[in-house]
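Peer 1: I have a structure here, written as structure tokens, and I will follow up with some questions on it.
Since every read-out is calculated from the coordinates, none of them should be taken as a lab result. The structure displayed is predicted, hence computed values, not measured ones. Quick reminder, even Gly has a Cβ in these numbers, built from the backbone with ideal geometry, and neighbours come from all protein chains shown.
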Amino acid sequence: MQRVYITGLGVISSLGAGKEANLKRLCNGQSGIGRASIFESKYTESLFFGEVNLSDDSLKEVTNNQDSVDLSRTALLAFFAAEEAIEQAGLSKGDLSSYRTGIISSSTVGGMCNTVSLYNDANRKEKPSTFIDSYADAEHTMRLIKRYGIKGYSSTINTACSSSANAIMLGARLIRSGRLDRVIVGGSDALAKYTVNGFNAMMILSDEPCTPFDANRKGLTLGEGAGYMILESERVVDNNRVLAEVIGYGNASDAYHPSTTSPESIGPTLAMQKALALGGVKADEIDYINAHGTGTVNNDETELIGFSNIFDQPPIFNSTKSYTGHTLSAAGVIESIYCVFSLLFNEVYPSLGIKHPMKGFASKANETYLSGIEIKHAMSNSFGFGGNCTSIIFKKA
Amino acid sequence: MYITDLKAILPQDTYTEGVLTGQFKEHNEMVFSAIEPNYIGFIPKGLLRRMGKAVRMGVGSGLPLINDHKDIEGVLVATANGGMEDCIKFLNQIVDYDEGILTPTNFVQSTPNSIAAQIALLGKKQGYNITYTNGGLAFENTLLDAMLLFEEGLHSKLLVGGIEEVSDYSYNIDFLLGKYKTEPISKEWYLDSNSVGAYCGEGAAFFVLVPESKEYLCRIKDLDQITYPNEADIDQLTANLLSRNGLTLADIDSVVLGYNGDVRHNKWYDHIGDSVFKKANVFCFKHLVGEYRVCSSAALWFLTHLFQGNKVLYSKMLKEDRHERPLKNALIYNHFDADQHSFILVQK
């Protein structure tokens, strides 16, 4: 059984392009949620978004894809975050093309963010658009594989909002089993009319910036972004490159309803229990939880019920979706990266937007910037539509 | 790991298994449509009406297996595109009604993980649940995941399947990409055609997998995959797969190849069937089900029945008869668009 270390992180979100920009705004308690200026939709006037503040052309420039005419925004975001992670881990060309290096990515919208061209191509309205080969969920994964010459295991996961958490989990399992030495794990999702209208039709979007764990929360705010982590086996890693360790993970199906969590919080509770058991840590050893915390009435309530099922006294928790909005498939990995920040710097960022803490629960989300506290074990929760629940535990290096 | 049961809805009568007694459907159109059962009796009617085809076929083949094997713990699903029909229907509403008031049904049905979610919901399975969308390797992803879950010792029975639906929309996109032939089919065994493009297929095939069993149908011993390989990579992967399983080239008595009638794709299969495994019998399956991204799940369904000694399928699928050896070690080799390649080693 090989231990699984994190050696590289890459992130792009409404907090900015890159780790430093994200970290700075987390520390300052500055949300990235606002009015969208790049994303085109009727709803940009009435809703708030966690938009990445770079146009497709700017993203092409920063990712060296100036000449591309067929890359989706999902793929462009993925390129940015993957590059940052690979660079930090210092993976060579040879490392990347080894049969023992893999990639596991995830997306919910994939290349469908090009709504209009997909509409035309699917209905054969005009001659094929330049995006004709870019709609698949796995498109961005294929692009990353081609760019980095990855020949080992590859996968793309779509379990809605828990997608990239499942990518981290699978990557860790493949390393632990000895099948891979290195794996790039994460996910990417661009804002899309498809998801905005879908969530809007389900009536769970807030008309104000989301306020997870507030008593009067009104729903979620959609965001976009990408995050990637490099996981390496203890077999190939030297200790001074280790940022943190993946020690536990668990996935369970709530099997209750297509879009709401069971009142007893069955799925979330099972996922957290499995992660604790596998990680060999007791509940009271968890120092911090980056909650799923979407800001919907149902999620935040059931997540807290899940906490009380597991913890006598829940640890410090927050929802960083109050900064990024809900980045769907990317949420799990972006929030896991923020967990690693907390482990590295012994700090916890304030959950934003809480005016009145939720009633009936002993614990409330952390609302202030905390530093100089010992964070040894951090848990990241991700719960997706269809009842897909995943919990991951990271340990300080 | 071992296959102990299976169920499929494919462009042949696999659901009631007429195909096993020689009732073959001769497709002579551009799209090989799945032969669906009426689903009545095990999918509630109200639910069935709302289900898109991918969800319906997935639940329709997965749920009966859960009903027959109550101790299944987890559900692993492969689907590159999920409910494309519902997806584009929803998209059409967005564009046609300029993002007006929309109903969420199509949206909910279209998300790829709604298949595994519905199976878990209806089958009340609170264990591991995952959906792979990795194009031509999505089904292989589910198999490796199942193998890992068994190795980890936390599971003892899993449901694994691959589903893809054809809709006008998905057909249009792949047609514009040049994946399909432009003329309807002219002969039953079209796999030797010298033209470009394949015929589009669809279907769902599910398997009950266990880590150990005395009564099983066949054993999935190992698998491997690669993206954008060259021929040397394929040779290396084949050699690695055989050596880590203690096998030599001569031990492989049968190969199941993904010939799809697209002349651009044959060289990869020719290489495996004619140059690497010169003494193995060669079987094909896409003349029965057409081409789609998770069709290696269909190949596994057919191969499992070949392992049961089904002679009708044997002669229907046999391309090259090279020996009289019994079926013992078989290798499924498939690629999608020559980009994503996979091997599945299946044993008696």
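Peer 1: For chain A, calculate the relative contact order in percent as a whole number, restricting contacts to Cα pairs under 8 Å that are 6 or more residues apart. If you can, show how the numbers build up before the last one.
Peer 2: On the way: 1088 pairs, mean separation 91.1, N = 397.
Relative contact order for chain A comes out at 23 percent.
Peer 1: With 27 Å as the limit, write out which pairs from B:53/B:328; A:364/B:124; A:125/B:179; B:89/B:124; B:157/B:328 have Cα-Cα distances beyond it, or answer none. Spell out each step's value before the answer.
Peer 2: Details: B:53/B:328 36 Å; A:364/B:124 32 Å; A:125/B:179 19 Å; B:89/B:124 29 Å; B:157/B:328 24 Å.
In this structure, B:53/B:328; A:364/B:124; B:89/B:124 exceed 27 Å between Cα atoms.
Peer 1: Identify, among A:296, A:330, A:167, the residue whose Cα sits farthest towards the positive end of the charge dipole of chain A, taking +1 on the Cβ of Lys and Arg and -1 on the Cβ of Asp and Glu, with the dipole about the Cα centre.
Peer 2: A:167
Peer 1: Provide a whole-number value for the mean count of partner chain Cβ atoms within 10 Å of the Cβ atoms in peptide B:17-23. Don't jump to the answer; show the numbers that get you there.
Peer 2: On the way: counts 0, 0, 0, 0, 0, 0, 0.
Per residue, the average neighbour count from other chains is 0.
Peer 1: Give me log10 I(q)/I(0) at q = 0.20 Å⁻¹ for region B:147-224, Debye formula, one equal scatterer per alpha-carbon, no solvent.
Peer 2: Computed log10 I(q)/I(0) values: -0.92.
Peer 1: Limiting things to C-alpha atoms, what are the Rg and the maximum Cα-Cα separation (Dmax) for region A:232-284, in angstroms?
Peer 2: Here Rg and the maximum Cα pair distance are 15.7, 46 Å.
Peer 1: Setting aside same-chain residues fewer than 8 positions from residue A:93, which lysines have a Cα under 20 Å from its Cα?
Peer 2: By straight Cα distance, residue A:93 reaches A:146, A:151.
Peer 1: Right, something else. Counting DSSP beta bridges in chain B, what percent are antiparallel, to the nearest 5?
Peer 2: Details: 34 of 54 bridges.
Approximately 65 percent, going by the DSSP bridge assignments.
Peer 1: When DSSP assigns beta bridges and you keep just the ones with both residues in chain A, what percent turn out antiparallel, to the nearest 5?
Peer 2: Numbers: 42 of 60 bridges.
The answer is about 70 percent antiparallel.
Peer 1: Turning to a different aspect of this structure: Quick one: of the DSSP bridges fully inside region B:218-347, what percent are antiparallel, nearest 5?
Peer 2: On the way: 18 of 26 bridges.
That works out to approximately 70 percent antiparallel.
Peer 1: One quarter of the convex hull surface, Cα atoms only: what value does that give for region B:2-210 in nm²? If you can, show how the numbers build up before the last one.
Peer 2: Numbers: hull surface 53.6 nm².
Approximately 13.4 nm², given one-decimal rounding.
Peer 1: Sorted from largest to smallest, which semi-axis lengths in Å does the alpha carbon gyration tensor of region A:1-136 give for its equivalent ellipsoid, taking the root of 5 times each eigenvalue? Intermediate results must be reported in sequence, preceding the final value.
Peer 2: Working: eigenvalues 164, 108, 34 Å².
Listed largest to smallest, the semi-axes of region A:1-136 are 29, 23, 13 Å.
Peer 1: Please tell me the relative contact order of region A:154-293 in percent, rounded to the nearest whole number, where contacts are Cα pairs under 8 Å and at least six residues apart.
Peer 2: Details: 147 pairs, mean separation 28.0, N = 140.
For region A:154-293, the relative contact order is 20 percent.
Peer 1: Separate question: For region B:187-193, what does the Karplus curve 6.51 cos²θ - 1.76 cosθ + 1.60, with θ = phi - 60°, yield as ³J(HN,Hα) per residue in whole Hz, taken in order and with x for Gly and Pro?
Peer 2: Rounded to whole hertz, the list is 8, 4, 8, 8, 5, 8, 4.
Peer 1: Pairs of alpha-carbon atoms within less than 8 angstrom and 6+ residues apart define the contacts here; what relative contact order does region B:218-347 have, in percent? Intermediate results must be reported in sequence, preceding the final value.
Peer 2: Working: 198 pairs, mean separation 51.8, N = 130.
Relative CO of region B:218-347 lands at 40 percent.
Peer 1: Something else: What number, in nm² with one decimal, is the all-direction average of the projected area of the convex hull of the alpha-carbon atoms of the protein assembly as shown?
Peer 2: Numbers: hull surface 114.3 nm².
That works out to 28.6 nm².
Peer 1: For chain A, state what percent of all Cα-Cα pairs lands in each successive 20 Å bin, counting from 0 Å until the bin that includes the largest distance.
Peer 2: 31, 60, 9, 0
Peer 1: Only counting other Cβ atoms within 10 Å, I'd like B:293, A:25 sorted with the fewest neighbours first. It would help to have the intermediate numbers written out before the result.
Peer 2: Working: B:293 27, A:25 19.
Arranged by neighbour count, lowest to highest, B:293, A:25 become A:25, B:293.
Peer 1: Percentage of Cα-Cα pair distances in region A:4-241 greater than 29 Å, rounded to whole percent? Write out the running numbers ahead of the final one.
Peer 2: Numbers: 8290 of 28203 pairs.
Tail of P(r) above 29 Å: 29 percent of Cα pairs.
Peer 1: What does the structure give for A:117-124 when I average, per residue, the other chain Cβ atoms found within 10 Å of the residue Cβ?
Peer 2: On the way: counts 0, 6, 7, 2, 6, 14, 9, 7.
Per residue, the average neighbour count from other chains is 6.
Peer 1: Which of the GluC sites (Glu not before Pro) across region B:120-223 are loop residues per DSSP, with 14 or fewer other Cβ within 10 Å? Please list the in-between numbers first.
Peer 2: Values: sites: B:140, B:151, B:152, B:164, B:165, B:188, B:202, B:212, B:215; in loops: B:165, B:188, B:202, B:212, B:215.
For GluC sites (Glu not before Pro) across region B:120-223 that sit outside H, G, I, E and B with at most 14 neighbouring Cβ atoms in 10 Å, the list reads B:188, B:212, B:215.
Peer 1: Turning to a different aspect of this structure: Among B:47, B:162, B:131, which residue has its Cα positioned farthest towards the positive end of the charge dipole of chain B, with +1 placed on the Cβ of Lys and Arg, -1 on the Cβ of Asp and Glu, and the dipole taken about the Cα centre?
Peer 2: Result: B:47.
Peer 1: How do B:163, A:175 rank when sorted from fewest to most other Cβ atoms within 10 Å of their own Cβ?
Peer 2: Details: B:163 37, A:175 28.
Result, fewest neighbours first: A:175, B:163.
Peer 1: Viscosity 0.692 mPa s, temperature 37 °C: Stokes-Einstein D of region A:247-396 from its Kirkwood Cα radius, in µm² per second?
Peer 2: Values: Rh = 15.0 Å.
Once the numbers are plugged in, D ends up at 219 µm²/s.
Peer 1: Based on Cβ point charges of +1 for Lys and Arg and -1 for Asp and Glu, what charge dipole magnitude is obtained for the protein assembly as shown about its Cα centre, in debye rounded to the nearest 20?
Peer 2: For the protein assembly as shown, the charge dipole is close to 1000 debye.
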